[in-house]
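Since the structure comes first, as C-alpha coordinates, the remarks are kept for the end.
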Amino acid sequence: MTVPDATAAFSEIFGGRPAFLVRAPGRVNLIGDHVDYCGGLVLPMAIDRAVLVAGRGTDTGTVEVHSSLYEQRVRIPLASLVPDADSPWCRYVVGVLTLLRRHGVALRGMDLWIGSQLPPGGGLSSSAALEVGVALAALAAADSDLDKRELALLCRDAEHEFAGSPCGIMDQLCCTSTPQGHALLIDCQSLYARPVALRLGDTELVVIDSGVRHSIAGGEYALRRRQCELALAAIRARFPHTGSLAQIPIDELADITGTLTPLLAKRVRHVATETERVRQTALLLESGNLEEVGRLMADSHVSLRDDFKASCPELDCLVDAAMTVDGVFGARMTGGGFGGCVIALVRNEAVSGLRTAVASAYESRFSGQAEVLAVHSAGAARVSHLS
Ligand code: GLA
(Lines give C-alpha, C1' and ligand atoms only; values in the text may rest on other atoms or scores of the structure.)
Protein backbone atom coordinates (compact mmCIF):
# COMPACT_ATOMS: atom_id res chain seq x y z
CA MET A 1 0.00 0.00 0.00
CA THR A 2 1.70 3.22 -1.04
CA VAL A 3 1.01 6.40 0.84
CA PRO A 4 1.72 9.88 -0.46
CA ASP A 5 4.29 12.02 1.27
CA ALA A 6 2.35 13.34 4.26
CA THR A 7 3.63 16.93 4.19
CA ALA A 8 3.02 17.38 0.46
CA ALA A 9 -0.40 15.74 0.68
CA PHE A 10 -1.37 17.98 3.59
CA SER A 11 -0.36 21.10 1.65
CA GLU A 12 -2.31 20.03 -1.38
CA ILE A 13 -5.49 19.53 0.67
CA PHE A 14 -5.28 22.38 3.18
CA GLY A 15 -2.71 24.81 1.76
CA GLY A 16 0.30 25.91 3.82
CA ARG A 17 2.42 23.51 5.83
CA PRO A 18 1.64 21.12 8.69
CA ALA A 19 3.04 22.00 12.13
CA PHE A 20 3.56 18.39 13.18
CA LEU A 21 3.71 14.84 11.86
CA VAL A 22 2.63 11.78 13.80
CA ARG A 23 3.64 8.22 13.01
CA ALA A 24 1.60 5.58 14.86
CA PRO A 25 2.72 2.01 14.06
CA GLY A 26 0.63 -1.07 13.47
CA ARG A 27 1.62 -4.25 15.25
CA VAL A 28 2.04 -7.92 14.74
CA ASN A 29 1.59 -10.20 17.71
CA LEU A 30 4.32 -12.85 18.02
CA ILE A 31 2.25 -14.91 20.42
CA GLY A 32 -0.56 -14.49 22.97
CA ASP A 33 -3.89 -13.99 21.20
CA HIS A 34 -7.32 -13.72 22.77
CA VAL A 35 -5.79 -13.49 26.21
CA ASP A 36 -5.42 -9.73 26.73
CA TYR A 37 -9.07 -9.31 27.77
CA CYS A 38 -8.62 -12.26 30.16
CA GLY A 39 -5.68 -10.73 32.04
CA GLY A 40 -3.07 -12.82 30.17
CA LEU A 41 0.40 -12.18 28.77
CA VAL A 42 0.96 -11.00 25.18
CA LEU A 43 4.08 -10.36 23.10
CA PRO A 44 3.42 -7.97 20.20
CA MET A 45 5.94 -5.85 18.27
CA ALA A 46 5.38 -2.52 16.55
CA ILE A 47 5.98 -2.70 12.79
CA ASP A 48 7.28 -0.36 10.12
CA ARG A 49 3.80 0.19 8.64
CA ALA A 50 1.85 2.93 10.28
CA VAL A 51 -0.92 5.48 10.32
CA LEU A 52 0.54 8.87 9.43
CA VAL A 53 -1.04 12.12 10.52
CA ALA A 54 0.08 15.56 9.30
CA GLY A 55 -1.62 18.40 11.12
CA ARG A 56 -1.70 21.88 12.56
CA GLY A 57 -3.77 23.63 15.22
CA THR A 58 -6.31 26.25 14.10
CA ASP A 59 -8.65 28.72 15.77
CA THR A 60 -11.64 27.76 13.63
CA GLY A 61 -13.43 25.76 16.33
CA THR A 62 -13.61 22.75 13.98
CA VAL A 63 -11.50 19.71 13.26
CA GLU A 64 -11.18 19.23 9.51
CA VAL A 65 -10.01 15.72 8.69
CA HIS A 66 -9.01 14.33 5.32
CA SER A 67 -8.60 10.56 5.08
CA SER A 68 -6.36 9.66 2.18
CA LEU A 69 -7.31 5.99 2.53
CA TYR A 70 -11.03 6.66 2.02
CA GLU A 71 -10.61 9.86 -0.04
CA GLN A 72 -13.07 11.55 2.30
CA ARG A 73 -13.07 14.84 4.14
CA VAL A 74 -15.14 15.48 7.26
CA ARG A 75 -15.76 18.55 9.47
CA ILE A 76 -16.16 17.91 13.17
CA PRO A 77 -17.33 20.99 15.13
CA LEU A 78 -15.61 21.06 18.53
CA ALA A 79 -18.86 22.33 20.06
CA SER A 80 -20.77 19.12 19.26
CA LEU A 81 -18.15 16.43 18.42
CA VAL A 82 -20.57 14.31 16.41
CA PRO A 83 -19.23 11.69 13.97
CA ASP A 84 -20.09 11.98 10.29
CA ALA A 85 -22.66 9.23 9.67
CA ASP A 86 -21.28 8.46 6.17
CA SER A 87 -17.70 7.91 7.33
CA PRO A 88 -17.38 5.01 9.79
CA TRP A 89 -13.66 5.72 10.32
CA CYS A 90 -14.68 9.10 11.74
CA ARG A 91 -16.05 7.38 14.88
CA TYR A 92 -12.49 6.63 15.95
CA VAL A 93 -11.51 10.27 15.53
CA VAL A 94 -14.54 11.62 17.40
CA GLY A 95 -14.17 8.94 20.09
CA VAL A 96 -10.61 9.89 20.86
CA LEU A 97 -11.38 13.64 20.83
CA THR A 98 -14.36 13.15 23.15
CA LEU A 99 -12.37 11.13 25.65
CA LEU A 100 -9.46 13.58 25.59
CA ARG A 101 -11.90 16.37 26.40
CA ARG A 102 -13.43 14.27 29.21
CA HIS A 103 -9.89 13.81 30.48
CA GLY A 104 -9.55 17.59 30.74
CA VAL A 105 -7.56 18.36 27.56
CA ALA A 106 -8.56 21.76 26.12
CA LEU A 107 -9.06 20.70 22.48
CA ARG A 108 -8.14 23.08 19.65
CA GLY A 109 -9.41 23.25 16.12
CA MET A 110 -7.18 21.31 13.70
CA ASP A 111 -6.51 20.53 10.07
CA LEU A 112 -5.54 16.86 9.83
CA TRP A 113 -4.44 14.75 6.90
CA ILE A 114 -4.47 11.02 7.68
CA GLY A 115 -2.80 8.33 5.60
CA SER A 116 -2.39 4.63 6.36
CA GLN A 117 -0.01 1.86 5.36
CA LEU A 118 -2.15 -0.66 7.26
CA PRO A 119 -4.97 -2.60 5.58
CA PRO A 120 -8.18 -1.96 7.60
CA GLY A 121 -9.41 -5.17 9.22
CA GLY A 122 -6.17 -6.90 8.20
CA GLY A 123 -5.17 -7.89 11.70
CA LEU A 124 -2.26 -5.44 11.93
CA SER A 125 -4.07 -3.11 14.30
CA SER A 126 -5.04 -0.29 11.98
CA SER A 127 -7.71 0.92 14.44
CA ALA A 128 -5.36 1.32 17.39
CA ALA A 129 -2.85 3.12 15.16
CA LEU A 130 -5.57 5.51 13.99
CA GLU A 131 -6.71 6.18 17.56
CA VAL A 132 -3.21 6.77 18.89
CA GLY A 133 -2.25 8.87 15.84
CA VAL A 134 -5.25 11.16 16.23
CA ALA A 135 -4.81 11.41 20.01
CA LEU A 136 -1.16 12.42 19.66
CA ALA A 137 -2.09 14.98 16.99
CA ALA A 138 -4.78 16.51 19.24
CA LEU A 139 -2.35 16.61 22.18
CA ALA A 140 0.30 18.27 19.99
CA ALA A 141 -2.17 20.91 18.78
CA ALA A 142 -3.32 21.56 22.37
CA ASP A 143 0.30 21.66 23.60
CA SER A 144 -0.60 18.94 26.06
CA ASP A 145 0.74 15.53 27.00
CA LEU A 146 -0.39 12.17 28.37
CA ASP A 147 1.47 9.26 29.90
CA LYS A 148 1.82 6.33 27.41
CA ARG A 149 -0.25 3.93 29.44
CA GLU A 150 -3.03 6.48 30.01
CA LEU A 151 -2.98 7.27 26.31
CA ALA A 152 -3.39 3.57 25.46
CA LEU A 153 -6.26 3.13 27.92
CA LEU A 154 -8.01 6.23 26.62
CA CYS A 155 -7.75 4.97 23.02
CA ARG A 156 -9.04 1.52 23.99
CA ASP A 157 -11.98 3.11 25.80
CA ALA A 158 -12.73 5.22 22.72
CA GLU A 159 -12.84 2.05 20.62
CA HIS A 160 -15.24 0.38 23.08
CA GLU A 161 -17.53 3.36 23.36
CA PHE A 162 -17.54 4.74 19.83
CA ALA A 163 -16.72 1.82 17.52
CA GLY A 164 -18.53 -0.84 19.54
CA SER A 165 -15.42 -3.09 19.50
CA PRO A 166 -14.84 -4.83 22.83
CA CYS A 167 -11.07 -5.07 22.24
CA GLY A 168 -8.39 -5.61 24.88
CA ILE A 169 -5.42 -3.34 25.61
CA MET A 170 -2.69 -5.09 23.59
CA ASP A 171 -2.81 -3.08 20.36
CA GLN A 172 -2.96 0.38 21.89
CA LEU A 173 -0.25 -0.32 24.46
CA CYS A 174 2.02 -1.83 21.81
CA CYS A 175 1.52 1.26 19.65
CA THR A 176 2.33 3.76 22.43
CA SER A 177 5.11 1.88 24.21
CA THR A 178 7.20 -0.63 22.20
CA PRO A 179 10.86 0.26 21.62
CA GLN A 180 12.41 -0.52 18.23
CA GLY A 181 14.17 -3.88 18.03
CA HIS A 182 11.96 -5.30 20.76
CA ALA A 183 8.66 -7.00 21.33
CA LEU A 184 6.67 -5.87 24.36
CA LEU A 185 5.79 -8.44 27.00
CA ILE A 186 2.58 -7.08 28.52
CA ASP A 187 0.88 -8.45 31.59
CA CYS A 188 -2.65 -7.37 30.70
CA GLN A 189 -3.84 -7.78 34.30
CA SER A 190 -1.38 -5.34 35.91
CA LEU A 191 -0.47 -3.53 32.65
CA TYR A 192 3.18 -4.00 33.58
CA ALA A 193 5.11 -4.11 30.28
CA ARG A 194 8.71 -5.15 29.63
CA PRO A 195 10.59 -4.87 26.32
CA VAL A 196 12.04 -8.18 25.09
CA ALA A 197 14.96 -7.90 22.64
CA LEU A 198 14.25 -9.58 19.29
CA ARG A 199 17.31 -11.79 18.88
CA LEU A 200 16.35 -13.22 15.53
CA GLY A 201 19.81 -14.29 14.30
CA ASP A 202 19.52 -15.50 10.72
CA THR A 203 15.73 -15.69 10.84
CA GLU A 204 13.01 -13.16 10.18
CA LEU A 205 9.37 -12.66 11.00
CA VAL A 206 7.17 -12.80 7.93
CA VAL A 207 3.52 -11.75 7.80
CA ILE A 208 1.13 -13.39 5.33
CA ASP A 209 -2.13 -11.57 4.72
CA SER A 210 -5.02 -13.91 3.88
CA GLY A 211 -6.99 -11.01 2.41
CA VAL A 212 -10.00 -12.16 4.48
CA ARG A 213 -11.29 -9.14 6.35
CA HIS A 214 -12.80 -9.19 9.80
CA SER A 215 -14.24 -6.59 12.13
CA ILE A 216 -13.78 -7.06 15.83
CA ALA A 217 -17.01 -5.16 16.32
CA GLY A 218 -18.54 -8.18 14.55
CA GLY A 219 -20.12 -11.09 16.40
CA GLU A 220 -17.41 -13.74 16.82
CA TYR A 221 -14.86 -11.69 18.76
CA ALA A 222 -17.50 -10.34 21.14
CA LEU A 223 -18.92 -13.83 21.56
CA ARG A 224 -15.50 -15.24 22.55
CA ARG A 225 -15.06 -12.44 25.05
CA ARG A 226 -18.51 -13.12 26.50
CA GLN A 227 -17.76 -16.86 26.78
CA CYS A 228 -14.60 -16.04 28.75
CA GLU A 229 -16.59 -13.80 31.09
CA LEU A 230 -19.19 -16.52 31.64
CA ALA A 231 -16.47 -19.07 32.34
CA LEU A 232 -14.77 -16.78 34.85
CA ALA A 233 -18.06 -16.10 36.65
CA ALA A 234 -18.79 -19.85 36.88
CA ILE A 235 -15.26 -20.60 38.14
CA ARG A 236 -15.44 -17.83 40.73
CA ALA A 237 -18.69 -19.24 42.06
CA ARG A 238 -16.66 -22.31 43.13
CA PHE A 239 -13.23 -20.71 43.58
CA PRO A 240 -13.91 -17.14 44.72
CA HIS A 241 -10.24 -16.15 44.77
CA THR A 242 -9.67 -16.72 41.02
CA GLY A 243 -8.28 -13.39 39.78
CA SER A 244 -8.43 -14.04 36.03
CA LEU A 245 -8.63 -16.97 33.59
CA ALA A 246 -5.01 -16.42 32.66
CA GLN A 247 -3.87 -17.06 36.24
CA ILE A 248 -5.26 -20.59 36.39
CA PRO A 249 -2.31 -23.01 36.77
CA ILE A 250 -2.18 -25.52 33.90
CA ASP A 251 -1.96 -28.50 36.25
CA GLU A 252 -5.20 -27.42 37.94
CA LEU A 253 -7.11 -26.83 34.73
CA ALA A 254 -8.96 -30.14 34.77
CA ASP A 255 -10.18 -29.60 38.37
CA ILE A 256 -11.07 -25.98 37.95
CA THR A 257 -12.89 -26.31 34.65
CA GLY A 258 -14.45 -29.70 35.50
CA THR A 259 -17.97 -28.37 35.94
CA LEU A 260 -17.95 -26.04 32.93
CA THR A 261 -19.53 -27.03 29.62
CA PRO A 262 -16.96 -28.66 27.28
CA LEU A 263 -17.03 -25.54 25.09
CA LEU A 264 -16.25 -23.13 27.94
CA ALA A 265 -13.60 -25.49 29.32
CA LYS A 266 -11.82 -25.36 25.94
CA ARG A 267 -11.91 -21.56 25.88
CA VAL A 268 -10.34 -21.48 29.35
CA ARG A 269 -7.74 -24.06 28.38
CA HIS A 270 -6.68 -21.84 25.48
CA VAL A 271 -6.32 -18.78 27.73
CA ALA A 272 -4.30 -20.57 30.40
CA THR A 273 -2.03 -22.52 28.02
CA GLU A 274 -1.49 -19.52 25.72
CA THR A 275 -0.40 -17.38 28.65
CA GLU A 276 2.13 -20.04 29.65
CA ARG A 277 3.39 -20.21 26.04
CA VAL A 278 3.92 -16.44 26.03
CA ARG A 279 5.88 -16.61 29.27
CA GLN A 280 8.16 -19.28 27.79
CA THR A 281 8.48 -17.55 24.41
CA ALA A 282 9.78 -14.34 25.99
CA LEU A 283 12.54 -16.27 27.77
CA LEU A 284 13.40 -18.36 24.70
CA LEU A 285 13.55 -15.30 22.49
CA GLU A 286 15.94 -13.61 24.88
CA SER A 287 18.20 -16.64 24.90
CA GLY A 288 17.99 -16.98 21.09
CA ASN A 289 16.35 -20.43 21.13
CA LEU A 290 14.36 -19.84 17.96
CA GLU A 291 13.46 -23.43 17.19
CA GLU A 292 11.59 -23.66 20.48
CA VAL A 293 9.96 -20.27 19.85
CA GLY A 294 8.70 -21.68 16.55
CA ARG A 295 7.35 -24.77 18.23
CA LEU A 296 5.38 -22.65 20.69
CA MET A 297 4.03 -20.53 17.83
CA ALA A 298 2.78 -23.68 16.11
CA ASP A 299 1.17 -24.90 19.37
CA SER A 300 -0.46 -21.50 19.77
CA HIS A 301 -2.10 -21.81 16.37
CA VAL A 302 -3.48 -25.26 17.19
CA SER A 303 -4.94 -23.91 20.44
CA LEU A 304 -6.52 -20.90 18.71
CA ARG A 305 -7.87 -23.16 15.97
CA ASP A 306 -9.19 -26.04 18.07
CA ASP A 307 -9.86 -24.71 21.58
CA PHE A 308 -10.70 -21.10 20.88
CA LYS A 309 -12.07 -21.45 17.34
CA ALA A 310 -10.69 -18.07 16.30
CA SER A 311 -9.08 -19.23 13.06
CA CYS A 312 -10.68 -19.86 9.65
CA PRO A 313 -9.92 -22.22 6.71
CA GLU A 314 -7.83 -19.57 4.93
CA LEU A 315 -5.56 -18.97 7.94
CA ASP A 316 -5.26 -22.72 8.59
CA CYS A 317 -4.26 -23.28 4.96
CA LEU A 318 -1.54 -20.62 5.21
CA VAL A 319 -0.18 -22.02 8.46
CA ASP A 320 -0.20 -25.60 7.14
CA ALA A 321 1.53 -24.55 3.92
CA ALA A 322 4.15 -22.54 5.82
CA MET A 323 4.88 -25.45 8.17
CA THR A 324 5.79 -27.71 5.25
CA VAL A 325 8.69 -25.45 4.24
CA ASP A 326 12.17 -26.34 5.37
CA GLY A 327 13.51 -23.43 7.43
CA VAL A 328 10.14 -22.35 8.82
CA PHE A 329 10.34 -22.71 12.61
CA GLY A 330 6.73 -21.88 13.35
CA ALA A 331 3.62 -20.16 12.04
CA ARG A 332 0.37 -19.04 13.60
CA MET A 333 -2.60 -16.75 13.06
CA THR A 334 -1.97 -13.39 14.66
CA GLY A 335 -4.36 -10.81 16.12
CA GLY A 336 -8.12 -11.14 16.39
CA GLY A 337 -8.37 -13.95 13.80
CA PHE A 338 -11.43 -15.00 11.76
CA GLY A 339 -9.35 -13.68 8.83
CA GLY A 340 -6.42 -11.26 8.73
CA CYS A 341 -2.83 -12.43 8.93
CA VAL A 342 -0.47 -15.26 9.78
CA ILE A 343 3.00 -14.68 11.24
CA ALA A 344 5.85 -17.08 10.54
CA LEU A 345 9.36 -17.33 11.94
CA VAL A 346 11.57 -18.27 9.00
CA ARG A 347 15.24 -18.62 8.17
CA ASN A 348 16.25 -15.79 5.80
CA GLU A 349 17.20 -18.22 3.04
CA ALA A 350 13.79 -19.97 3.26
CA VAL A 351 11.64 -16.89 2.66
CA SER A 352 11.39 -17.31 -1.10
CA GLY A 353 10.45 -20.99 -0.69
CA LEU A 354 7.79 -19.88 1.77
CA ARG A 355 6.35 -17.43 -0.75
CA THR A 356 6.07 -20.12 -3.40
CA ALA A 357 4.56 -22.73 -1.07
CA VAL A 358 2.01 -20.36 0.35
CA ALA A 359 0.98 -18.95 -3.04
CA SER A 360 0.43 -22.35 -4.61
CA ALA A 361 -1.42 -23.87 -1.62
CA TYR A 362 -3.66 -20.84 -1.23
CA GLU A 363 -4.47 -20.32 -4.90
CA SER A 364 -5.37 -23.96 -5.37
CA ARG A 365 -8.07 -23.71 -2.67
CA PHE A 366 -9.28 -20.12 -2.52
CA SER A 367 -10.18 -17.50 -5.07
CA GLY A 368 -8.12 -14.63 -3.60
CA GLN A 369 -4.37 -14.28 -3.21
CA ALA A 370 -2.33 -14.31 -0.03
CA GLU A 371 0.22 -11.52 0.21
CA VAL A 372 3.56 -12.01 1.92
CA LEU A 373 4.46 -8.75 3.64
CA ALA A 374 7.95 -7.82 4.72
CA VAL A 375 7.59 -6.25 8.15
CA HIS A 376 10.31 -5.07 10.48
CA SER A 377 10.32 -3.92 14.04
CA ALA A 378 9.71 -0.19 14.53
CA GLY A 379 9.52 2.07 17.55
CA ALA A 380 6.44 3.38 19.35
CA ALA A 381 4.21 6.19 18.07
CA ARG A 382 5.90 9.57 17.98
CA VAL A 383 5.26 13.20 17.10
CA SER A 384 7.74 15.32 15.13
CA HIS A 385 7.27 19.08 15.36
CA LEU A 386 8.16 20.84 12.11
CA SER A 387 9.83 24.22 12.18
C1 GLA B 1 -7.67 -7.69 18.47
C2 GLA B 1 -7.92 -6.85 19.72
C3 GLA B 1 -6.86 -7.13 20.79
C4 GLA B 1 -6.69 -8.61 21.04
C5 GLA B 1 -6.53 -9.36 19.72
C6 GLA B 1 -6.49 -10.85 19.92
O7 GLA B 1 -6.49 -7.27 17.85
O8 GLA B 1 -7.89 -5.48 19.41
O9 GLA B 1 -7.18 -6.45 21.98
O10 GLA B 1 -7.76 -9.11 21.80
O11 GLA B 1 -7.57 -9.06 18.81
O12 GLA B 1 -5.37 -11.19 20.64
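The values are calculated or read from the model by the stated rules, or taken from the named source; none is laboratory data. What you see is a predicted model; the values in this text were computed from it and never measured. Note that each Cβ is placed from the backbone with ideal geometry, even for glycine, and that neighbours are counted across all protein chains shown. Keep in mind that these areas ignore ligands, DNA and RNA; they rest on the heavy atoms of the full protein, side chains included. Shrake-Rupley method; radii C 1.70, N 1.55, O 1.52, S 1.80 Å.
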Might you tell me the accessible area per residue for the stretch 1-57, computed with a 1.4 Å probe and given in Å²? 28 Å²
Using Cα springs under 10 Å in a Gaussian network model of the chain, which residue among GLU349, GLU64, GLU252 shows the largest mean-square fluctuation? GLU252
If Lys and Arg each add +1 and Asp and Glu each add -1, what is the summed charge of the other residues whose beta carbon sits under 11 Å from the beta carbon of GLN117? +1
Given unit charges at Cβ for Lys, Arg (+) and Asp, Glu (-), the dipole magnitude of the chain about its Cα centre in debye, nearest 20, is 620 debye
Just the number, please: Stokes-Einstein D of the chain in µm²/s, Kirkwood Rh from C-alpha pairs, 37 °C, 0.692 mPa s. 154 µm²/s
Which whole-number percent gives the relative contact order of the stretch 56-214, counting Cα pairs below 8 Å spaced six or more residues apart? 20 percent
Dipole axis of the chain (+1 Lys, Arg; -1 Asp, Glu on Cβ), positive-most option in VAL351, GLY379, GLY219: GLY219
Of the DSSP H helices in the chain, those whose Cα atoms cover at least 27 Å axially and whose Kyte score averages -1.0 or more: 219-238, 262-286
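Measuring with a 1.4 Å probe in the full set of protein chains, what accessible area per residue, in whole Å², belongs to the stretch 103-196?
Per-residue accessible area for the stretch 103-196 comes out at 31 Å².
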Once you keep just the Cα pairs under 8 angstrom separated by 6 or more residues, what percentage relative contact order results for the stretch 203-375? 34 percent
Mind grabbing the accessible area of SER116 for me, 1.4 Å probe, Å², rounded to tens? 10 Å²
Provide, for q = 0.15 Å⁻¹, the log10 of I(q)/I(0) from a solvent-free Debye sum over equal Cα point scatterers in the stretch 203-375. -0.87
Roughly how many Å² is the accessible area per residue of the stretch 203-375, as a whole number, for a 1.4 Å probe? 43 Å²
Looking at the chain as a GNM with Cα springs under 10 Å, which of TYR70, TYR92, TYR221 has the largest mean-square fluctuation? TYR70
Based on Cβ point charges of +1 for Lys and Arg and -1 for Asp and Glu, what charge dipole magnitude is obtained for the stretch 162-291 about its Cα centre, in debye rounded to the nearest 20? 520 debye
Of the accessible area of the chain, computed with a 1.4 Å probe and all protein chains kept, carbon and sulfur make up a percent value of 50 percent
Pairs of Cα atoms under 8 Å, at least six residues apart: use those to get the relative contact order of the chain, whole percent. 24 percent
Net dipole in debye of the stretch 216-288 [+1 Lys, Arg Cβ; -1 Asp, Glu Cβ; about Cα centre; nearest 20]: 280 debye
Can you give the alpha-carbon Rg of the stretch 149-265 over 2.2 N^0.38 Å, where N counts its residues? 1.30
Most to least accessible of ASP5, ASP326, ASP171, ASP84 (protein chains only, probe 1.4 Å): ASP326, ASP5, ASP84, ASP171
What is the distance in Å between the Cα centres of the stretch 188-209 and the stretch 249-288? 19 Å
